[in-house]
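One structure is given below, encoded as structure tokens.
The values are calculated or read from the model by the stated rules, or taken from the named source; none is laboratory data. Computed from a predicted model, the values in this text were never measured in an experiment. Glycine gets a Cβ as well: all are built from the backbone with ideal geometry, and neighbour counts include every protein chain shown. Only protein heavy atoms, including side chains, enter the accessible area calculation; ligands, DNA and RNA are left aside. Shrake-Rupley method; radii C 1.70, N 1.55, O 1.52, S 1.80 Å.
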Amino acid sequence: MAAATKTFFTPLPSPGAETLIPPTLKSPNLHYIPHSSAKRLPSLTIRASAAAVPSPSDGASHPKSPEQFRVEILSESLPYIQRFRGKTIVVKYGGAAMKDPKLKASVVSDLVLLSCVGLRPILVHGGGPEINRWLKQLNIEPLFHEGLRVTDAETMEIVSMVLVGKVNKDLVNLMNKAGGTAVGLSGMDGRLLTARPNPNSAQLGFVGDVDRVDPTMLYPLINNGHIPVIASVAADEAGQSYNINADTVAGELAAALGAEKLILLTDVAGILEDRDDPNSLVKETDIEGVKKLIAEKKVAGGMIPKVNCCLRAIEQGVRTASIIDGRVQHSLLHEIMSEEGLGTMITA
């Protein structure tokens with residue numbers, strides 16, 4: 001005989017809010033299903049099979065009511081909400097999470113949910129695949145040097161148009177549709193970032209580094225519950241635009257804001273002890289541990305700039321920096337709302 005089920009509905013503030021349910025509560029007997037029939041607010045359907053609901057035995061125990069289940073599920077999230085409420089979290093968004101519509105929706109809903117429960121998330125983004133697509137439409141071949149985009153004057157114009165005018169506004173629109181209040185910015189707005197040429201500018205063109213950060217304009221936004229969405233382009237003192245690596249921008253912003261956490265969404269599980277063994281994930285380490293991994297060449301290739309970005313942020317006062325797997329849905333919530341997270345956390 002099929003197990004009996006109990007179903008009940010509870011309203012949620014945003015389409016992503018069902019993910020408040022911590023991983024520790026997920027079991028074969030509990031099924032969390034988004035309920036889309038409501039016209040105004042999304043809701044969550046929780047089906048508990050008979051195996052999950054205690055049956056009365058000689059009057060010794062009683063089945064839990066839907067209200068009790070709901071309270072238990074939400075109460076599991078309370079310590080994490082209390083720990084991070086009012087804290088600034090800087091998230092760098094890119095990779096597969098930017099290309100896959102389901103992963104993009106997951107990131108958007110996670111950020112809106114975090115904002116709704118009192119955290120202060122800031123999103124920094126690049127947009128390499130979208131830039132490549134537009135360059136090819138204009139018959140311009142994308143060129144790279146040592147992993148960085150070669151950016152001449154024509155390419156820089158396209159980079160600015162795509163990142164600031166399209167990718168940024170698409171993300172703002174998605175967050176606002178999900179119930180958040182997002183504001184789109186670039187490093188040029190309010191002199192948020194001042195750029196300087198990259199040391200290899202002779203080969204790279206208008207690729208820059210962050211010279212200064214002035215986060216003054218961000219404080220009123222995050223203090224009033226807005227989510228800043230920042231494109232990684234900036235100008236120098238003379239007004240010349242530069243394309244800047246989004247990891248670098250996120251790290252420098254996190255340091256300038258004294259953020260609680262810096263989180264880099266990537267296409268890998270995190271830092272691995274053995275690059276060929278996905279089960280060798282380093283869950284947590286400190287600055288010295290990371291430097292040792294680099295010296296032993298266990299951190300190499302494209303992971304080096306990400307790790308260096310994290311180290312620089314922590315050395316400037318950010319409490320923790322995490323490199324997490326953006327290919328996993330709701331990886332942001334796993335990182336913040338659980339003890340283990342989904343990647344590597346670096347501490348001071």
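For every residue, the table says whether it meets (1) farther than 17 Å from Ala246 by Cβ; (2) of a type in the set (A, V, I, L, M, F, W, C); (3) open to solvent by less than 30 Å² (accessible area, probe 1.4 Å); (4) under 16 Å from the mean Cα position of the chain (by Cα).
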residue: Phe84; (1), (2), (3), (4): yes, yes, yes, yes
residue: Gly94; (1), (2), (3), (4): no, no, yes, yes
residue: Leu103; (1), (2), (3), (4): no, yes, yes, yes
residue: Val112; (1), (2), (3), (4): yes, yes, yes, yes
residue: Leu119; (1), (2), (3), (4): yes, yes, yes, yes
residue: Phe144; (1), (2), (3), (4): no, yes, no, no
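Need at least 1 residues that are modelled with pLDDT under 90 and touching a helix residue (DSSP H, G or I) at 6+ places or on another chain (Cβ under 9 Å) per element, so show me which helices (runs of 4 or more DSSP H) inside region 214-304 make the cut, counting only ones lying wholly within it.
Fully inside region 214-304 and qualifying: 287-295.
Got a number for residues in region 164-196 being in a helix (DSSP H, G or I) and among the β-branched types (Val, Ile, Thr)? Don't jump to the end; show me each part of the working.
Our first condition is that a residue be in a helix (DSSP H, G or I); within region 164-196, this holds for 164-177, 189-191.
Subset that is among the β-branched types (Val, Ile, Thr): 164, 167, 172.
Looking only at that region, the number is 3.
Taking the stated definitions as given, is Thr194 loosely packed, with under 15 Cβ neighbours inside 10 Å and of a type in the set (Ser, Thr, Tyr)?
Spelling it out, it is not the case that Thr194 is loosely packed, with under 15 Cβ neighbours inside 10 Å and of a type in the set (Ser, Thr, Tyr).
Only one residue in Leu192, Leu148, Leu171 is modelled with pLDDT under 95, of a type outside the set (Phe, Trp, Tyr) and in contact with a helix residue (DSSP H, G or I) (Cβ under 8 Å, 6 or more places away or on another chain). Which one? Break it down stepwise before answering.
Details: Leu192 fails: modelled with pLDDT under 95; Leu171 fails: modelled with pLDDT under 95.
One residue alone meets the criteria, Leu148.
Give the residues of region 313-324 that are in a helix (DSSP H, G or I) and crowded, with 17+ Cβ neighbours inside 10 Å, sorted by residue number. Lay out the reasoning, then the answer.
Just the residues of region 313-324 that are in a helix (DSSP H, G or I), to begin with: 313-315.
Passing the criteria: Ala313, Ile314.
Between residues in region 110-133 that are more than 15 Å from Thr88 (Cα to Cα) and among the aliphatic types (A, V, I, L, M) and residues that are in a loop (DSSP other than H, G, I, E, B) and open to solvent by 10 Å² or more (accessible area, probe 1.4 Å), which pairs lie under 9 Å by C-beta distance while being six or more apart or on different chains?
Taking only residues 6 or more apart or on different chains, the pairs are Ile131/Pro142.
Cβ-Cβ under 6 Å, sequence separation 6+ or interchain: first residue in region 281-303 and more than 20 Å from Glu315 (Cα to Cα), partner small (Gly, Ala, Ser). Which pairs?
Partner pairs satisfying both residue conditions: Leu281/Ala269; Leu281/Gly270.
Could you give me the residue pairs with C-beta distances under 9 Å whose first residue belongs to region 324-341 and is without any contact (Cβ under 8 Å) to a residue 40 or more places away in the chain, whose second residue is open to solvent by 10 Å² or more (accessible area, probe 1.4 Å) and part of a loop (DSSP other than H, G, I, E, B) wherever it lies, and which are 6+ apart or on separate chains?
Val328/Ala269; Val328/Leu342
Across region 197-208, what is the number of residues that are open to solvent by less than 40 Å² (accessible area, probe 1.4 Å) and either over 20 Å from Phe144 (Cβ atoms) or not in a loop (DSSP other than H, G, I, E, B) (or both)?
Counting residues in region 197-208 that are open to solvent by less than 40 Å² (accessible area, probe 1.4 Å) and either over 20 Å from Phe144 (Cβ atoms) or not in a loop (DSSP other than H, G, I, E, B) (or both) gives 4.
Could you list all residues from region 121-142 that are surrounded by 17 or more Cβ atoms within 10 Å (Cβ to Cβ) and aliphatic (A, V, I, L, M)?
Of everything in region 121-142, those that are surrounded by 17 or more Cβ atoms within 10 Å (Cβ to Cβ) and aliphatic (A, V, I, L, M) turn out to be Ile122, Leu123, Val124, Ile131, Leu135.
Among (1) under 26 Å from Arg83 (Cα atoms); (2) open to solvent by less than 70 Å² (accessible area, probe 1.4 Å), which single condition is Gly302 missing?
For Gly302, the failing item is (1).
Under the condition of being within 20 Å of Asn198 (Cβ to Cβ) and among the small types (Gly, Ala, Ser), which residue from region 146-172 is surrounded by the most Cβ atoms within 10 Å (Cβ to Cβ)?
Filtering first and then ranking leaves Ser160.
What tally of residues in region 113-134 results from selecting those that are outside any loop (DSSP other than H, G, I, E, B), over 16 Å from Leu265 (Cβ atoms) and touching a strand residue (DSSP E or B) at 6+ places or on another chain (Cβ under 8 Å)?
3
Which residues, taken from region 135-163, are part of a loop (DSSP other than H, G, I, E, B) and in contact (Cβ under 8 Å) with a residue 60 or more places away in the chain?
Selection gives Gly147 alone.
So which pairs qualify, if the first residue must be in region 52-80 and open to solvent by 70 Å² or more (accessible area, probe 1.4 Å), the second must be at pLDDT 65 or above, the Cβ gap must be under 9 Å, and the two must be at least 6 apart or on different chains?
Ser55/Pro63; Pro56/Pro63; Glu72/Lys64; Glu76/Met337
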